[in-house]
1. Looking at the structure I just gave you, is E295 charged (D, E, K, R) and in contact with a strand residue (DSSP E or B) (Cβ under 8 Å, 6 or more places away or on another chain)?
2. Quick check on E191: is it more than 14 Å from the chain's Cα centre (by Cα) and assigned to a helix (DSSP H, G or I)?
3. Of the residues A148, A155, which is touching a Pro at 6+ places or on another chain (Cβ under 9 Å), surrounded by fewer than 19 Cβ atoms within 10 Å (Cβ to Cβ) and assigned to a helix (DSSP H, G or I)?
4. Look through the stretch 306-339, keep the residues that are part of a loop (DSSP other than H, G, I, E, B) and at pLDDT 95 or above, and return whichever of them is farthest from P291 (Cα to Cα).
5. Could you grab the pairs with beta carbons closer than 7 Å, sequence gap of 6+ or different chains, first residue in the stretch 333-346 and β-branched (V, I, T), second one surrounded by fewer than 19 Cβ atoms within 10 Å (Cβ to Cβ)?
6. Just to be sure, is L140 under 17 Å from the mean Cα position of the chain (by Cα), surrounded by fewer than 23 Cβ atoms within 10 Å (Cβ to Cβ) and over 24 Å from P311 (Cα atoms)?
7. Kindly indicate whether L116 is within 20 Å of L232 (Cα to Cα), out of contact with any His (no Cβ under 8 Å at 6 or more places or on another chain), touching a residue at least 12 places away in the same chain (Cβ under 8 Å) and part of a strand (DSSP E or B).
8. Just to be sure, is G354 modelled with pLDDT of 60 or more, within 24 Å of V214 (Cβ to Cβ), among the small types (G, A, S) and surrounded by fewer than 17 Cβ atoms within 10 Å (Cβ to Cβ)?
Amino acid sequence: MSSTTPANDLPANLASLLRSRYESALASGSAFFYPSEVHNLEQSAGNITLNWTVRRCEALRQKAEEKRRKAEQGGEREPMPTKPAQQEGGQNPNDVFSPPYDQHLLIAELGDHHTLLLNKFALIPEHFLLVTRAFRSQALPPQPETLALSYRILASLPSEDPAQRLCFFNCGPDSGASQPHCHMQFVDLKEGGGVLIEGLLDRIERDGKEMETVHALPLPYQHFVHLLPSNLKSLPPTEVEAKMGMILMKLLDAMFSARSAAMEQDPEATIPQSRPSWNLLLTHRAMHLIPRSQEDFPLEKENEPSEEVGPLSLNALCFAGHLVTKSNEEVERIRKREGGVAMILAEVGRKPVGDVTVAATGTEGGDQ
């Protein structure tokens, strides 16, 4: 059975509860784990060296085939809804994150507003989700309460290295979001070396104000980051909520400032009028925000029908340093791609804007 916990508390045994629910869900056939092969890449991007992992999972072939069939049938991408689908018989058949839940996937109900669920289809063991009980669109930023709870979940889980655990959020139609209902995702990346992109945090200048400002990492795409206070874990829940909400607002402000600067520098540039898409990364050390221009990267060559190679669907996990493919051929295409993984991400991200998102030296994160 699941546990019900007050909003300001987490299960004291969350790690063991997560493990037991995961093992039970696998045994019952309610959840599935798809093994994968992890390839480590070390690549140069300008004057820095970046580490990436590329995870090859054969099970993704079927997902790619379903996506291809829909495209051939002329299916347009449906806009991400801002309200739930029509209820039938008291249950939303199209919203897997609304109650009643599959009891094998339910980890815990946290107060009146949030639920912890296992990811039904896992490429990483014990991949789980924090979802809002009532429908809230994934096209909207997570609320401060959800952000604060996400951080407290991260902080409560034991790990050999805190840098191994990641919470991420895909916002908007071009972010790689798979469900329209608000959900934060949690993974332990110990097998892949942790949140690899955070190796760049050491390049942020320590000037006494580094904890108060938004920085831009030295990458060929916009990647904003705000360091978290070192005492955040010890603060009362209400203060954590206030700080997390403020940090997200500063990151969003940086994104919109960069969008405005891009228009000023290139008046002919096309900036979409719809809600922006972006990815969010949350760790013990920082909150990251990466604006997006598109979801997929065309890894295949023009007029090259192939079951081995197709467009890469890229979500927040990729910007943490971890890509997922379906074949060895795709792994090799990524390995040999001019400019490496960083340039692939640049194609689906947003170009840096001078004096707004890139430090003058190009070796340290710029400030907002």
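The values are calculated or read from the model by the stated rules, or taken from the named source; none is laboratory data. Because the structure is predicted, anything quoted here is derived from the model rather than measured. Positions of Cβ are backbone-derived with ideal geometry, glycine not excepted, and every protein chain shown enters the neighbour counts.
1. So E295 fits the description; yes.
2. Yes: the conditions hold for E191.
3. A155
4. G321
5. V341/L41; V341/Q43; I344/R337
6. Working: under 17 Å from the mean Cα position of the chain (by Cα): yes; surrounded by fewer than 23 Cβ atoms within 10 Å (Cβ to Cβ): yes; over 24 Å from P311 (Cα atoms): yes.
Against the criterion (under 17 Å from the mean Cα position of the chain (by Cα), surrounded by fewer than 23 Cβ atoms within 10 Å (Cβ to Cβ) and over 24 Å from P311 (Cα atoms)), L140 qualifies.
7. Here the answer is no, as L116 does not meet what is asked.
8. Yes: the conditions hold for G354.
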